[in-house]
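Encoded as structure tokens, the structure appears first; notes follow it.
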């Protein structure tokens, strides 16, 4: 009898191991890619131009939290991409200079893992994080700061000048491009490996039975067709594809000239509500079901939607430790805040 019990336990264990192996293989075959554990491999992915150095990251972090890069002196990159809130602001439409809501009712996407996206901005107009950082600073409804103002503010503070020389050499030109480039370099480090990555990297018990079932449903439903790669998103896709988006009338955004919209990352998705480009849906379950209709032409049942939501919870990643930096003090030469 004991022998039979041991055989039964052994068979069950083998079955569970095989199931884990099968779903991990299925996920990889569906195009889902883990954040690598090897630092050298990860560095090639996030830093192909070898621009990341400790000095530039430290400086970029200060600039990311620096409100004086905005016209008012009140708004920083972290205002809309709050690193303590999943890299977002938690509201439907971003709010910027003079308490102005985004005129197109666009939602702030997360900055975490943005390095893995093919393009930046909802319409994909920017190729990388360094280029993307230039946009919000100059946009009137966001930070509303002209490049000349940004340059004047940074160059007026000796501590920043010294930090740029340390990061780039004594001959560095501290201009708008170098300032925004440095912010982008910091953002490249905001990578959040999760239990899902642990699972794909070989840790069979990293996901629960329910999460594995949800992953299987996620793949079988066709979600991985767009939410794929390392970012589980980040590519440009036609939206809407099959049926009209339920909340298309919220804002006037229609994508790029071809109706293509950047697919948001699903990493840390439980922290980044509200969802969709216009932040019209607050429930993750509803978002899953709306995507089923809009993109897949499927009515996803409550039960299947909940299974997928359970899996999505495993994408909540381990955040890099980011301590709020002490910023340089202004000088008599620092241009004053302008609230107009």
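For the chain, the relative contact order is 24 percent, taking Cα pairs closer than 8 Å that sit 6 or more residues apart in sequence and dividing their mean separation by the residue count. Taking only the alpha carbons of the stretch 47-187, we obtain Rg and Dmax values of 14.5, 43 Å in that order. As a proxy for reagent exposure, ranking 33, 230, 172 by other Cβ atoms within 10 Å from fewest up yields 172, 33, 230. With R₀ fixed at 51 Å, the C-beta to C-beta distance from residue 340 to residue 189 puts the FRET efficiency at about 0.90. Between residue 243 and residue 201, the C-beta separation translates, for a Förster distance of 30 Å, into a calculated FRET efficiency of about 0.25. Over the stretch 47-187, Cα pairs under 8 Å with separation of 6+ residues give a relative contact order of 31 percent.
Compared with the alpha-carbon gap, the fully stretched path from residue 210 to residue 121 is longer by 28.7 nm at 0.36 nm per residue.
Full extension of the segment from residue 44 to residue 166, taken as 0.36 nm per residue of separation minus the current Cα-Cα distance, would add 41.5 nm. Please check: in the Gaussian network model of the chain (C-alpha springs, under 10 Å), which one of 194, 156, 108 has the largest mean-square fluctuation. Evaluated over the chain, the most mobile residue of the options is 156. Among 205, 256, 38, the order by Cβ neighbours within 10 angstrom, fewest to most, reads 38, 205, 256.
Using the Kirkwood formula on the Cα atoms of the chain, what hydrodynamic radius do you get, in angstrom to one decimal? Mind dumping the intermediate values first?
On the way: mean 1/r = 0.0463 Å⁻¹.
Answer for the chain: a Kirkwood hydrodynamic radius of 21.6 Å.
Taking the number of Cβ atoms within 10 Å of each Cβ as an exposure proxy, the fewest-first ranking of 111, 242 is 242, 111. Stretching residue 159 away from residue 28 to a fully extended chain increases their span by 42.4 nm, per 0.36 nm per residue minus the current alpha-carbon distance. With the chain treated as a Gaussian network of Cα nodes joined by springs under 10 Å, which of 40, 101, 140 yields the largest mean-square fluctuation? The residue with the greatest mean-square fluctuation here is 40.
Taking 127, 109, 274 in turn, the Gaussian network model of the chain (Cα-Cα springs below 10 Å) assigns the largest fluctuation to 127.
Read-outs throughout are calculated quantities, based only on the coordinates presented, and are distinct from any laboratory measurement. Model, not experiment: these values are computed from the prediction. Using ideal geometry, Cβ is built from the backbone for each residue, glycine included, and neighbour counts are taken over all protein chains shown.
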